[in-house]
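Below is one structure, written out as structure tokens; comments come after it.
The values are calculated or read from the model by the stated rules, or taken from the named source; none is laboratory data. Keep in mind the model is a prediction, meaning the values are calculated, not measured. Positions of Cβ are backbone-derived with ideal geometry, glycine not excepted, and every protein chain shown enters the neighbour counts. With ligands, DNA and RNA removed, areas are computed over all heavy atoms of the protein, side chains included. Shrake-Rupley method; radii C 1.70, N 1.55, O 1.52, S 1.80 Å.
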Amino acid sequence: MYTAILGLLVHLHPLHVSVGTINYSEKDQALQITIKIFADDLEDELNETMRNESEVAYIDILNPADPEILNNYLEQYIRNNFSVKLNGKTMRMSYLGHEQEDMVIWCYLEIKGVKKLEEIEVQNTIMTSRFDDQVNLIHVSYQDQIKSFRLSEDKPSDKVAF
């Protein structure tokens, strides 16, 4: 029995997924965005994509030598791979920072000055060049409605209307 379970685990392919949540705050007139990414995959991705630009020999996400440098690399990576259009207009996002929870990194962003949301389009290419099976789930919450979609290498963007 133990051998069968171990054999099954060896043959299972790891799950490659990120989860993005976009919540509208009517009080703040802002979209509050969180992106959840597995730390080990993100660490490998940052070390590969930022290698040429990095002053650091190795970026260690869970135990960074300089947390500010890590934060800068995460911000750059998110900006290069995640964008939002509201009602057809590309929006400027403020990167608020990140935090670690177990083996997951949470990145926080915000788009201010949102009075009304009729249509939102999200492009998310996080890890899609690294993993063929990467899935980036997006959940958008606006005025008691939640709409979700699934993005991948073949479908890097999608939009929903409210």
Exercise. List the trypsin sites (Lys or Arg not before Pro) in region 81-149 that DSSP assigns to loop (not H, G, I, E or B) and whose Cβ has at most 14 other Cβ atoms within 10 Å. Which are they?
Worked result: 92, 115, 116
Exercise. Using only helices, what value at 222 nm comes out for the chain when you add -39,500 (n - 2.57) per DSSP H run of length 4 or more and divide by the total residues, to the nearest 500 deg cm²/dmol?
Worked result: -7000 deg cm²/dmol
Problem set entry | Stretchable slack from residue 99 to residue 66, in nm (0.36 nm times residue separation minus alpha-carbon distance) | 10.5 nm
Exercise. How far is it, in nm, from the label point at residue 87 to the one at residue 118 when both lie 7 Å from their Cα along the line to the Cβ?
Worked result: 0.6
For this session: Calculate the radius of gyration of the Cα atoms of region 25-90 to one decimal place, then report Dmax, the largest Cα-Cα distance, as a whole number, both in Å.
Result: 14.7, 44
Problem set entry | Solvent-free Debye scattering, log10 I(q)/I(0), computed from the Cα coordinates of region 98-149 at q = 0.24, 0.28 Å⁻¹ | -1.19, -1.24
Exercise. Farthest toward the dipole's positive end in the chain, which of 98, 74, 125, given Cβ charges of +1 (Lys, Arg) and -1 (Asp, Glu) about the Cα centre?
Worked result: 125
For this session: Take a quick pass over region 49-162 and tell me how many lysine pairs come in under 18 angstrom between Cα atoms, counting only ones 8 or more apart or on separate chains.
Result: 14
Problem set entry | Fraction of accessible area attributable to carbon and sulfur, region 21-162 (%, probe 1.4 Å) | 42
For this session: With θ set to phi - 60°, apply the Karplus curve 6.51 cos²θ - 1.76 cosθ + 1.60 along region 100-105 and write out the HN-Hα couplings as whole Hz, x wherever there is a Gly or Pro.
Result: 9, 9, 6, 9, 10, 10
